[in-house]
Amino acid sequence: MTTPRNPGELELLMRSGIPMARAMGLRVADFDGGRLALVAPLAPNVNDKGCAFGGSIAGLLTLAQWGLVNLKLGEAGLDAEVYVADTSLRFLAPVWGELHAEAYVEGDPWPDFLVSVATIGKARIEVYGEIVGEDGGAPAARQLARFVAITRRAVEPD
């Protein structure tokens, strides 16, 4: 498997290679080079109260963040495995409709991250994620996650 270079390749990778993404009905909504937006319908992600299941929110945020890291690696022509190292998630409000997740970084850590992957074969990066609130208001959930990227040549056996 190679690192996706564009949003279409990313969506195909997630829907074909990650059963949860397919079951959630996940779609790539937008990628502007710095922020990745994913959406998923409520119906396959609903809980017993009729709002979005917390596990679906956590999964969609993690997939958005993981996807952003993969797209930035692909844009740079780097082929790497991306792993989530740790996360911190806060649920702030229920989601009663379609889930909208956005992933982004603060500042500009991409140059150092990409140089490290290219030169030493691995790097870490912090990625933020939010579930957009009702009518674009205050976020319904926020997550901070650290990801590790390791070049495939360093992962695969000789």
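Using the structure shown, decide if Thr62 is of a type outside the set (Lys, Arg) and at pLDDT below 95.
Numbers: of a type outside the set (Lys, Arg): yes; at pLDDT below 95: no.
Spelling it out, it is not the case that Thr62 is of a type outside the set (Lys, Arg) and at pLDDT below 95.
For every residue, the table says whether it meets (1) within 19 Å of Leu13 (Cβ to Cβ); (2) loosely packed, with under 15 Cβ neighbours inside 10 Å.
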| site | (1), (2) |
| --- | --- |
| Val82 | yes, no |
| Asp86 | no, yes |
| Leu92 | no, yes |
| Phe113 | no, no |
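Per the listing Arg90, Arg124, the residue uniquely of a type in the set (D, E, K, R), on the phi < 0 side of the Ramachandran plot and more than 15 Å from the chain's Cα centre (by Cα) is Arg90.
Within the option set Leu68, Leu61, being within 23 Å of Trp96 (Cβ to Cβ), within 13 Å of the chain's Cα centre (by Cα), buried (at least 21 other Cβ atoms within 10 Å of the Cβ) and not aromatic (Phe, Trp, Tyr) holds for one residue only, Leu61.
The values are calculated or read from the model by the stated rules, or taken from the named source; none is laboratory data. In this text, all values refer to a predicted model and were calculated from it rather than measured experimentally. All Cβ positions, glycine included, derive from the backbone under ideal geometry; neighbour counts span all protein chains shown.
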